[in-house]
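Everything below concerns the one structure shown next.
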Amino acid sequence: MVFLQVLINGLFLGGVYALISLGLTLIFGVVRVINFAHGEILMISMYASFFCFSVLGLNPYLSLIIVIPGMFLVGILIDQVIIRPIRNAPSYMQIFATVGLSVVLINLALVFFSGDYRSINLAFAKQVVHMGDIGISLSRFIVFISAIVVAWLVWLFLDKTDMGKQIRAIAQDRDAARLMGINPNKIYMITFGIGSAMVGLAGGLIMPLYYVFPSVGAYFVLTAFVVVVLGGLGNMVGALLGGLIIGVIDSLSGFYLDPALKEMVYFVVFLGVLLFRPSGLMGMIGAEEMGLK
Amino acid sequence: MLGSYFKNMGAPGVYFPSLILLAFLAVAALVPNEFYLNLFFMIFMFAGLSGAWNIIGGYAGQISLGHAAFYGVGAYTSAVLFAKLGLPPVLGIFASMGVAVVLAFIIGYPCLRLKGPFFTLATLAVAEVLQLLAVYFRGLTEGSEGLSIPYEPAWYNLIFESKNVYAVLAFGYMLLVLVITLVLERSKLGYQLTALRDEDQAAESLGVNTSRAKIAAFVLSGALTALGAVIVSQYVLFLEPHSDFSVNVSVELALMSMVGGLGTAVGPLIGAAILIPLGEFLRAWVGGGIQGLHYVIYGCILILVVMFMPHGIKALVENKYKALVDILPRFGAAACPQPEEEVHLHFESHEAVTAKEGRPLIAAHEVSKDFGGLRVLSGISFSVHPGEILGIIGPNGAGKTTLFNVISGVYRPTKGRVEFDGQDITGIKRIHQVCHLGMGRTYQIVKPFGNMSVLDNVMVGAFCNQAGSATAREIALEVLALVGLLDKKDQEAKSLTLANMKRLEMARALATKPKLLLLDEVMAGLNPNEIDEAIKLIRDIRDYGSTVIVVEHVMRAIMSLSERIMVIAQGEKVTEGLPREVIADQRVIKAYLGDGFELA
């Protein structure tokens, strides 16, 4: 019974990781940039949600209507201002640029909001529904369901809509897509926006559950790196699956080993994946470019 | 190295930077002011530490965002051994460097075999995990409270009463890293790293074991970082996981190299000399009140440098520096600049034979290659004898380049066997091994090492069988003379015309002294004159003793060059024979033009 409870906790936690990783992996798959400031978008959205609650008195679930479009714009801004001028530069330049952005954002938050841990006190966040011996936290359940729904919606969007098809075309072959009349810059911009909006949703949903502080993004995004590599860089289904797996590993190792060592455990998983199956569980977009095929 | 240094002592390019370094040393040894000594200590240390980062991040182009791992592990290993077991840090340094080497292997082996962002992600994660472990193992590290190193001044403890000694020690560390970097720059490994940074696959084809080169650079970089960390911790005398393993350390090291000039020996020095005083100033001026502000400025600098000054400050001041050096007087033996050495062609034929009988040099047996469900090559067999020139023709998409890729080890065949020089090479896993067996190749889509000079490009190839730089240089100059690029040897490869890039491709492959040379459409895009030159060049290459396989669309060239022609279409071998037989063959005409055409 305890095992089942730990398992469910892990799955729900995995939902958080999946939600953060989905945006990261989408951006990588299409724009071919690892956004090292991805965690900072999470941090910004958590602060946004926090201030909506503490200043405007908005329920965090309601403030998503502000946070999600806001992060969409932040993503577009990052892409156009920082990534666009160095789109054709060697990839390490893009790494430097996003790392620089991450350092700026973390420390700006430190300057403006100080290093204090802040949280919001929401009665709903503490509600637990009991089914037999198993307790299910409602707010965590919402995160879990959202992850699955968002993954499904994005899949629908990529599969069915015209824009989605353009995005997939760019992801598969930039040059061929450009020859078909697709404007890559527009696609990169929108993809960056969508990926950032997804992490914005994550930030809004986990605000009732976690503390926010300037480097909170780094804490989550490191896990997200493990998740996207495990799932296969650029692969959405992989990110969902990888997120849930890492969540369960996190929960199991936290319970049966030691909470302080759980990062250690999934780092071992990370190195193992790189050693034995670097294209990840679900294979990877552009694996040839990475020298994996 | 040292000999040539003293020989050229009188040249301004040598004595001027030496005097600058000497001035720094004098300041470190003599300045009494504690504030400035501290500043100089930090500048020297970070110049060295960033220089260590630069070996993997700048020269090899593998961005590590986790050098804090080496820094922290280095600092903690010697400090724990000293504080808990009383082992003097002079010995502890070796333990620190040893642990760093092991760590570099653990991260490097899985990640550096792969291209893409894996390495960067892994380094970032390792530093973070080590930080957690440093907090967790309180028994050793005192956890978050931090570890104090007992103040026991003694040379073997690397703890001194005078800050001057620390500053001189830091200067020594910086000099060590600088000298190692300069030696590396001129060594085989240095050339290989710069080459693989620009074009991984082309480097492999020239015999560079890219994984091993990257891991070697990473191990060296990690060990030097750990060494520096010990010196800093014996100065600060306090360690704390959240600062010693902090990602800020990693970013700072990268930032200094980036600002100064990535992949240059002097870059990290310039970067540290600018950023350390700036950081101290910001901390003193605004940092007291507002936490984090100076990192905001660091981050902005990083973004701005990437966007507007990607080659760093070194590139900005280089010309002014050269102009300054030029007007300085020369002294002694170096008084008159040495004349350009002359290049004597003695490209020897290693095996000037044309044995049409006996064992073929290369033989493919029933080779097939599938990509997913698509069969690109099916059951192709052929052989080439030493000294022959074989032409391969076929319509677009026939599988010619795929055949080259299978022969040269880029792809493994789905079925069939490839034998080279009597050895089965079908199962070969890495491209560079094929080169070492004596097979050179060019790429249809040219892959020059764009940021290296033409000469350096060719030297990378020459290093395939040569460890020494001087010999490699000699071979490279000969080959350049042979292909007619000698007058362009100092140009950056990316500035060449397409015709010359194709020549460069050939020159690099030739410098590996191949028994067999695979030429993939080296004439596409050349004008008629250039084609004539290329035909002559390929004949010369054969006469010098290489066997040649040419894939080409230019019929004039293939007809006059080839002794035999093999035709493939849709992945299958159509026919093979003497040039005039082949072009009269109905099946060949059909393969190119379809049904309904007949020879008039």
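Can you give the mean number of other chain Cβ atoms that lie within 10 Å of the Cβ atoms in peptide A:260-271?
4
Out of all DSSP beta bridges with both ends in chain B, state the antiparallel percent to the nearest 5.
Of all bridge pairs located within chain B, approximately 60 percent are antiparallel.
If you find the alpha carbon centre of segment B:1-66 and of segment B:201-219, how far apart are they in angstrom?
28 Å
For chain A, what are the per-bin percents of Cα-Cα distances with bins 10 Å wide, up to the bin holding the maximum?
7, 28, 36, 22, 7, 1
Would you work out which of A:108, A:67, A:251 lies farthest towards the positive end of the dipole of segment A:2-276, given +1 charges on the beta-carbon of Lys and Arg and -1 on that of Asp and Glu, about the Cα centre?
About the Cα centre, the residue reaching furthest to the positive side is A:67.
Is segment B:10-247 rounded, prolate or oblate when judged by the Cα gyration tensor, a ≥ b ≥ c being the square roots of its eigenvalues, rounded requiring a/c under 1.5 and prolate requiring a/b larger than b/c?
Cα axes put segment B:10-247 in the oblate bin.
Using only atoms on other chains, find how many Cβ atoms lie within 10 Å of each Cβ of peptide B:298-310 and report the average.
6
What whole number of Å gives the distance from the Cα centroid of segment A:121-159 to the Cα centroid of segment B:402-446?
Each part's Cα centre sits 53 Å from the other's.
Once you sort the root eigenvalues of the Cα gyration tensor of segment B:387-531 as a ≥ b ≥ c, which label holds: rounded (a/c under 1.5), prolate (a/b larger than b/c) or oblate (the other case)?
oblate
For chain B, with the dipole built from +1 on Lys and Arg beta-carbon atoms and -1 on Asp and Glu ones, taken about the Cα centre, which of B:444, B:379, B:510 lies farthest toward the positive end?
B:379
Using unit Cβ charges (K, R positive; D, E negative) and no other charged atoms, how large, in debye to the nearest 20, is the dipole of the protein assembly as shown about its Cα centre?
So the magnitude is around 840 debye.
Okay, helix-only estimate at 222 nm for chain A: each DSSP H run of n ≥ 4 adds -39500 (n - 2.57), divide by all residues, round to 500 deg cm²/dmol; what do you get?
-23000 deg cm²/dmol
Can you tell me the dipole magnitude for segment A:2-276 around its Cα centre, using point charges on the Cβ only (Lys, Arg +1; Asp, Glu -1), in Debye to the nearest 20?
Computed about the Cα centre, the dipole is about 540 debye.
How large, in Å, is the protein assembly as shown by the Kirkwood hydrodynamic radius built from its alpha-carbon pairs?
Taking every pair of different Cα atoms in the protein assembly as shown, averaging 1/r and inverting gives 30.2 Å.
On average, how many beta carbons from a partner chain sit within 10 Å of the beta carbon of a residue in B:118-126?
Counting other chains' Cβ atoms within 10 Å and averaging over B:118-126 gives 6.
Of the listed peptides B:106-117, A:147-158, what is their order by residue-averaged count of other C-beta atoms within 10 Å, with the highest listed first?
B:106-117, A:147-158
Enumerate the amide H contacts of residue B:362 below 5 Å, restricted to partners 5 or more residues apart or on another chain; note that Pro and chain-start residues carry no placed amide H.
Residues meeting the criterion, in which the H sits 1.01 Å from N, are B:384, B:421.
Report, by chain and number, residues whose modeled amide H sits under 5 Å from the one on residue B:159, excluding near sequence neighbours (fewer than 5 apart, same chain).
Under 5 Å from the amide H of residue B:159: B:154.
I'd like the FRET efficiency for residue B:187 and residue B:570, computed as 1/(1 + (r/R0)^6) with the beta carbon distance as r and R0 of 45 Å, rounded to 0.05.
That pair, residue B:187 with residue B:570, gives E of 0.40.
Can you give me the long-range amide H partners of residue B:574? Hydrogens built in the peptide plane at 1.01 Å from N, cutoff under 5 Å, separation of 5 or more residues or another chain.
Long-range HN contacts for residue B:574: B:567, B:568, B:569.
Cut-off under 20 Å on the C-alpha distance; same-chain residues fewer than 8 positions from residue B:590 excluded. Which lysines are left, in chain and number order?
Residue B:590 reaches B:400, B:573.
With θ taken as phi - 60° and the coefficients 6.51, -1.76 and 1.60, list the Karplus ³J(HN,Hα) couplings across segment B:50-57 in order, rounded to whole Hz; mark glycine and proline as x.
Each residue's phi maps through the Karplus curve to give 5, x, 5, 4, 4, 5, 8, x Hz.
Which of these, A:261, A:77, A:244, has the largest mean-square fluctuation under a Gaussian network model of chain A (Cα springs below 10 Å)?
Top of the fluctuation ranking is A:261.
Loop-only check: which GluC sites (Glu not before Pro) in segment B:108-147 are DSSP coil with at most 16 other Cβ within 10 angstrom?
none
State the extension gain, in nm to one decimal, for the chain segment bounded by residue A:77 and residue A:7, taking 0.36 nm per residue of separation less the distance between their alpha-carbons.
Stretched out fully, the residue A:77 to residue A:7 stretch lengthens by 21.3 nm.
If the only charges are +1 at each Lys and Arg Cβ and -1 at each Asp and Glu Cβ, what is the size of the charge dipole of segment B:10-247 around the Cα centre, to the nearest 20 debye?
It works out to roughly 500 debye.
Bear in mind that the values in this text are calculations on the coordinates, not laboratory data. Since the model is a prediction, treat every value here as computed from it, not as a measurement. Here the Cβ is made from the backbone with ideal geometry for all residues, glycine too, and neighbour counts use every protein chain on show.
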